[in-house]
1. Take the chain, connect every pair of alpha-carbon atoms lying under 10 Å apart with a spring to form a Gaussian network, then pick out the residue of Met68, Met153, Met249 with the largest mean-square fluctuation.
2. Run the count for the chain, please: Lys pairs, Cα-Cα under 22 angstrom, 8 or more apart or on different chains.
3. Using the Karplus equation 6.51 cos²θ - 1.76 cosθ + 1.60 (θ = phi - 60°), what ³J(HN,Hα) coupling, rounded to whole Hz, does each residue of segment 196-207 give in order, writing x for Gly and Pro?
4. Using a 1.4 Å probe, how large is the accessible area of Glu157, given in Å² and rounded to the nearest 10?
5. So, how do all the Cα-to-Cα distances of the chain break down into 5 Å bins, in percent, from 0 on up?
6. Which one of Leu59, Leu252, Leu171 has the biggest mean-square fluctuation once the chain is modelled by GNM with Cα springs under 10 Å?
7. What whole-number distance in Å separates the alpha-carbon centres of segment 87-109 and segment 1-69?
8. Looking at the chain only, what percent of DSSP beta bridges run antiparallel? Nearest 5 please.
Amino acid sequence: MRTFLMGKVGFVEKKVWEPNCWINVVSPTQDDLRYLIDEMGIPEAFIDDVEDVDERSRLEVEDGWTLMILRIPFKSVDTSIPFITVPLGIIVKEDMFVTVCYYETEMIPDFINYVIRKNLEIANNWDLVFRLFLSASVWYLKYLKQINAQMHMAEVELERSIRNEELQRLLKIEKSLVFFITSLRGNDNLLIKMKTLKVQRQFFDEDLVEDVEIELRQAQDSARIYSDILSGTMDAYASVISNNLNIVMKVLAAVTIILTIPSIICLLYTSDAADEARS
């Protein structure tokens, strides 16, 4: 599905593309892809790269196109991993701005509604790029708070009784944090490369760029802290399980010894009776 959004202050949806209009494509159909490739002239190879869920954050300039891939957070419907990250393709060229995402995330609709509600001024295409970058960092922080809440719930359940289900939940959360840390590191490298674009530097809002850097660093720090806490928690419960196993083994060994004593006495008695019978 593609939408055309226009506006220096807020967004107004248009029926067709106009110069300096944002083309937002989510879960693209074949018709959407053909429109982007055939009518807008966007490199097909880049569109294919955006489809790859494992594509890393990057920036490249090709024939006047500035092509970027930003990793954004996504609340997964897959029960094996609660949160993952997916690629958002950003294409900039003169009076053209396009975003492509093969997943229906919460971030982009929220960003559009926020701009409309606050009547935010979008000065140029690069202003929009950095605002999307800022929104992605904010959503990382939102999901990290949810991850922290899930960690706390799992820990409370484990304090009552150590069960495989709770341990598996923590393992799933650990996978999500690995995705977040890796993607945030890639986004950080992307931001550094964006700041080296000398030709486009004149269009950058330095205050906005600074806000992006602050939120991105905060998201990185939070993800690392939660990952360290989770690793420590998993190690602690591994020690508890090991200690519990040792206690159980000691009890079983003691019970085995106690049960063995009557057998030994019986064996001795039987042996004495046999000796008397032979004599």
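1. Of the options given, Met249 has the highest mean-square fluctuation.
2. Lysine pairs meeting the criterion: 17.
3. 8, 6, 5, 5, 8, 4, 5, 8, 7, 8, 4, 5
4. 50 Å²
5. P(r) for the chain, in whole percents per bin: 1, 5, 10, 13, 14, 12, 9, 6, 5, 4, 3, 3, 2, 2, 2, 2, 2, 2, 1, 1, 1, 1, 0, 0.
6. Most flexible of the set in this elastic network: Leu252.
7. Spelled out, the Cα-based centre of one part sits 6 Å from the other.
8. For the chain, the DSSP antiparallel bridge percentage is about 80.
The values are calculated or read from the model by the stated rules, or taken from the named source; none is laboratory data. These numbers come from a predicted model, not from an experiment. Cβ: placed from backbone, ideal geometry, glycine included. Neighbour counts: every protein chain shown. Note: areas computed on protein heavy atoms with side chains; ligands, DNA, RNA excluded. Shrake-Rupley method; radii C 1.70, N 1.55, O 1.52, S 1.80 Å.
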